[in-house]
Amino acid sequence: MTAQGGNLDLADVFAYIDEHRDAFIDQLIDYVRRPSISAHGVGIAEVAEYIAGVMQEIGLNTRVIPTAGWPMVLGERMDRPGAPTVLLYGHYDVQPPDPLEEWVTPPFEPSIRDGRLYARGVGDNKGQHLAQILALKSLLAVRGELPCNVKVLLEGEEEVGSPHMPAFIQEHRDEIMADLVITSDGPVDESGRSRILFGVRGVLSFELRARGANRDLHSGNFGGVAPNPIWTLVHLLATMKNARGEVTIEGFYDDVLPLTPLEQEALAKLPIDEEAVKASLGIAEFDEPRERGYFERLAAWPTFTINGFHGGYGGPGSKTVLPHEAVVKCDVRLVEAQKADDIFAKIEAHVRKHAPNVEVIRQGSMEPSKTPLDSPYTEPIRRGVALGQGEEPLLVPALGGSLPDYVFTKILGIPAFGVPYANPDESNHAPNENLELERFIKGIKTGAAMLTALGQM
């Protein structure tokens, strides 16, 4: 398929969305007032049935599918044989609202203030995937059919790490299969510009645990006699990353791919005030290597981070103790083509060589994901976002963080795109989570425009 570049005349659909603005906001309010806290198991089944009913009502063939954890909601409408099939992914579960005392208004009593709707889950992710669903509703109301085939998959465990997502995708592969997936989650760029996300880094978390004597010891009586597990880890860590910022684990960079010219061009266009970032963080310089570009650091390179170092005495004053145990918690951010199992095996081999008595404990991982910027779906999505948002989007080759996009790109083998609608200060996962209502309405228009552009391929 090739993009035909047809005219995106959506004046009638956009007029319908504007006419139903208040009704759409009321529907969002009705949705976010329903708790669905996956970590606590609160309201999950009820909200799955609720949003399945919303999808069914607008004309999607919809099912609530049980998993070993919380259920998935899957809907579809296949109006156009031969046209692309778009999978719209989102999650109906939300974070716990704590600390409750920091909310201006209760988290499940939605409140509108200064053009924003405040409620837990309004930005992450109920408001964003509801915008996609209302885009379908608007297209069907005005045109009587969708411009392409659409599937909607809503997960109930994203906020607890999507533990059952890989198995679900594999088990229901044929039902979920599409030509591409679009996820609307997270915020737009800090500048306020809309953006299209093409990838995320993966993550691997692990512990290094060293032991000395069978109990804490007096540092005068046993210092220089019994080994100090903190020093064991300090020396080990020094063999794993040098002062130039290079990870020195053998083979760590073997699968790191260079940026393509298109990716380099896209990164160069991303707005950033590096001095303002340094000032906001209270730092004088960025980490080594100093010559590496800001967005290149986040999109193109893996990292090895010490998250915490624990051992011995940490209270007030001094305590002349020789600790018997020390633990360091670490994570590695993975870039495309790296694999969590391979990197963990290399870490284990490195530790066996340099500190064979140190225990390596794997704690979890998520694979990286990336879609090429020259995908045939990039241009129609760009056209749709530009029309719906009223501005050209920024193209982001990969975010620095991690999301389970790999289930689409690596298990299903389809390209994945992120088109976030939320404001940069949405406060997701924090008190007073909010969504600018104008962005919600623009999200509905953007969803309709993207599907229309894809339908013209």
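The values are calculated or read from the model by the stated rules, or taken from the named source; none is laboratory data. Computed from a prediction, not measured in an experiment: that's the story for all the values here. FYI the Cβ positions are ideal-geometry reconstructions off the backbone, even for glycines, and counts take in every protein chain you see. Surface accessibility is based on the protein's heavy atoms, side chains included, excluding ligands, DNA and RNA. Shrake-Rupley method; radii C 1.70, N 1.55, O 1.52, S 1.80 Å.
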Legend entry - Selection within the range 111-169 - closer than 26 Å to Glu19 by Cα and of a type in the set (Phe, Trp, Tyr): Tyr118
Inset, instruction - Could you look through the range 89-106, keep only residues that are closer than 24 Å to Thr183 by Cβ and part of a loop (DSSP other than H, G, I, E, B), and pick out the one that is farthest from the chain's Cα centre (by Cα)? - result: Pro97
Legend entry - Check on Tyr89, farther than 12 Å from Glu155 by Cα and surrounded by 15 or more Cβ atoms within 10 Å (Cβ to Cβ): no
Legend entry - Residues within the range 254-302 that are in contact with a Phe, Trp or Tyr (Cβ under 9 Å, 6 or more places away or on another chain) and β-branched (Val, Ile, Thr), tallied: 3
Inset, instruction - Please verify whether the range 253-270 includes one or more residues that are among the small types (Gly, Ala, Ser), open to solvent by less than 50 Å² (accessible area, probe 1.4 Å) and within 26 Å of Lys346 (Cβ to Cβ). - result: no
Inset, instruction - Name every residue in the range 342-360 that is in contact with a Ser or Thr (Cβ under 8 Å, 6 or more places away or on another chain), assigned to a loop (DSSP other than H, G, I, E, B) and open to solvent by 20 Å² or more (accessible area, probe 1.4 Å), in order of residue number. - result: Asn357
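Counting only residues that are among the aliphatic types (A, V, I, L, M) and more than 25 Å from the chain's Cα centre (by Cα), give me the helices (runs of 4 or more DSSP H) lying completely in the range 1-88 with at least 3 of them.
Because the criterion is at least 3 residues that are among the aliphatic types (A, V, I, L, M) and more than 25 Å from the chain's Cα centre (by Cα), the helices (runs of 4 or more DSSP H) in the range 1-88 that meet it are 11-19.
Which one is least open to solvent (accessible area, probe 1.4 Å) among residues in the range 107-132 that are assigned to a strand (DSSP E or B) and more than 16 Å from Arg34 (Cα to Cα)?
Within the range 107-132, the subset assigned to a strand (DSSP E or B) is 111-113, 116-118.
Keeping just the survivors that are more than 16 Å from Arg34 (Cα to Cα) gives 112-113, 116.
Working: Ile112: 90, Arg113: 60, Arg116: 44 Å².
Checking each candidate, the answer is Arg116.
Here is a check on your reading of the model: is Ala337 more than 30 Å from Pro166 (Cβ to Cβ), under 26 Å from the mean Cα position of the chain (by Cα), among the hydrophobic types (A, V, I, L, M, F, W, C) and modelled with pLDDT of 95 or more?
No; evaluated as a whole, the condition is false for this residue.
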Inset, instruction - Could you please give the count of residues in the range 199-252 that are part of a helix (DSSP H, G or I) and either basic (Lys, Arg) or within 17 Å of Cys330 (Cβ to Cβ) (or both)? - result: 9
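Yes/no per residue for (1) open to solvent by 20 Å² or more (accessible area, probe 1.4 Å); (2) touching a strand residue (DSSP E or B) at 6+ places or on another chain (Cβ under 8 Å):
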| residue | (1), (2) |
| --- | --- |
| Leu387 | yes, no |
| Pro393 | no, yes |
| Val396 | no, yes |
| Asp405 | yes, yes |
| Lys410 | yes, yes |
| Gly413 | yes, no |
| Gly418 | no, yes |
| Pro424 | yes, yes |
| Asn434 | no, yes |
Inset, instruction - Under 6 Å between Cβ atoms, at least 6 apart or on separate chains: pull out the pairs that start in the range 307-328 with a residue that is free of Cβ contacts under 8 Å to residues at least 40 places away in the same chain and end on any residue that is surrounded by fewer than 17 Cβ atoms within 10 Å (Cβ to Cβ) and among the hydrophobic types (A, V, I, L, M, F, W, C). - result: Tyr313/Val321
Inset, instruction - Among the residues of the range 30-72, count how many are without any contact (Cβ under 8 Å) to a residue 40 or more places away in the chain, within 19 Å of Glu175 (Cα to Cα) and open to solvent by 60 Å² or more (accessible area, probe 1.4 Å). - result: 4
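Taking the range 305-329 only, how many residues are in a loop (DSSP other than H, G, I, E, B), over 16 Å from Leu236 (Cβ atoms) and of a type outside the set (Gly, Ala, Ser)?
Qualifying residue count for the region: 5.
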Inset, instruction - Go through (1) farther than 19 Å from Arg201 by Cα; (2) in contact with a strand residue (DSSP E or B) (Cβ under 6 Å, 6 or more places away or on another chain) one by one and return the number of the condition Gly282 breaks. - result: (2)
Inset, instruction - Taking the residues in the range 275-321 that are open to solvent by 70 Å² or more (accessible area, probe 1.4 Å) and of a type in the set (D, E, K, R) as candidates, determine which candidate is farthest from the chain's Cα centre (by Cα). - result: Lys319
Inset, instruction - Quickly run through the range 361-372 and pick out the residues that are open to solvent by 20 Å² or more (accessible area, probe 1.4 Å), in a loop (DSSP other than H, G, I, E, B) and over 24 Å from Lys329 (Cβ atoms). - result: Pro372
